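Beneath this line is the structure, given in structure tokens, with notes to follow.
Just so it is clear, none of the values below were taken in a lab; they were calculated from the coordinates. What you see is a predicted model; the values in this text were computed from it and never measured. FYI the Cβ positions are ideal-geometry reconstructions off the backbone, even for glycines, and counts take in every protein chain you see.
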Amino acid sequence: MNFKGLIESHPEVVQDRHSLSFSRHRRVDEIAAAYSRSGVVMLKAALPPALIAGSSEAFQHFIASCEKAQPDRSALEGSWYSPWLVRDGDCFPAAMVLSAVIRSWAWNVVEEICCSSHIVVLLKWCTARHGVDRMLGLGGHQDAKVVAGEVPFSLWIPLGTIEPGTSSGLGFVVPAPKDVLPTPRQDDIGADYIVHDPAKLWLPPYAAGDLTIHSRFSPHFTTGYGTLSDRFSIEVRAVPSRTAPPEYVDPAIYISRRNGLPTVVEINSSDNEASAFLASVDLARIAELRKAVV
Ligand SMILES: O=C(O)CCC(=O)C(=O)O
Ligand SMILES: [Fe+2]
């Protein structure tokens, strides 16, 4: 079965039957409790739609300038980039989105999940993705297996609307198991696991500005319906600073509260390629003012 067949035969999978969507008016401890029960939550209107539109445009300019024009769109696969590599002149769409996330109410939820306000964003494990909506068969993965075992969660932020059936998005099996699942082939948990109980599936629509947070054990998948539409998205991965494995924190930015506001208090990077991104206006805007070194 493919995703088109799935949403046709089970249209209820796009509905939030598990009450996992939250607005800024909900208490963060309630949101964090739902996350720990289910392994995934959606934060509605977490970011301003205009910022999402601006970052999408910058990402599209980047793709147009660096990827060869492909006359046959059906051959397009899309691509993954480290966030600091995606730039449109001085504009880094991933920095725009990341700084907005850090200053949004979504960060309160991140802090609640981390049980700490001292958090390190693991840029090494963050991604900027250009996807093309291809017809995909069912399958899925857990980030604990395919990304990094010790990264507890991921924020997934589409740079535009995701409409199941017409644009490639993300889908989840809820609730998440408490450990890694067996993978019958190449880290893929397999179609059987996905279709076993359609009542557990959630393929949410996203409005511009919505984001989801999924745990490392959340079985999830890229959805695809064969429309060949473009999709741009950013993945943000972070951990409490005190638990960060040393090999995960290069490049990384450390966030703590200053005057009540989540603020970039330290940057760690030995990669010169990341320096323009780290010095970008969007990250500088939320960084602690440092005394000039003389
Ligand atoms: O962007 C996608 O389609 C996949 C993203 C994903 O698997 C993740 O954020 O963990
Ligand atoms: Fe994933």
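Data table
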item: All positions within the stretch 153-174 that are surrounded by fewer than 17 Cβ atoms within 10 Å (Cβ to Cβ) and not acidic (Asp, Glu); result: Thr166
item: In the stretch 229-248, the residues that are in a strand (DSSP E or B) and either under 18 Å from Ser36 (Cβ atoms) or more than 13 Å from ligand 1 (Cβ to nearest atom) (or both); result: Arg237, Ala238, Val239, Pro240
item: Enumerated strands (runs of 3 or more DSSP E) restricted to the stretch 139-228, each holding at least 3 residues that are without any contact (Cβ under 8 Å) to a residue 24 or more places away in the chain and more than 13 Å from ligand 2 (Cβ to nearest atom); result: none
item: Selection within the stretch 225-252 - crowded, with 22+ Cβ neighbours inside 10 Å and among the small types (Gly, Ala, Ser); result: Ser233, Ala238, Ala252
item: Residue among Ala46, Ala53, Ala34 that is in contact (Cβ under 8 Å) with a residue 12 or more places away in the chain, among the hydrophobic types (A, V, I, L, M, F, W, C) and assigned to a loop (DSSP other than H, G, I, E, B); result: Ala46
item: Asp282 over 23 Å from Phe22 (Cβ atoms), touching a residue at least 60 places away in the same chain (Cβ under 8 Å), of a type outside the set (S, T, N, Q) and part of a loop (DSSP other than H, G, I, E, B); result: no
item: Failed criterion for Ala128 (all others in (1) surrounded by fewer than 21 Cβ atoms within 10 Å (Cβ to Cβ); (2) within 16 Å of ligand 2 (Cβ to nearest atom); (3) over 30 Å from Gly5 (Cβ atoms) hold); result: (1)
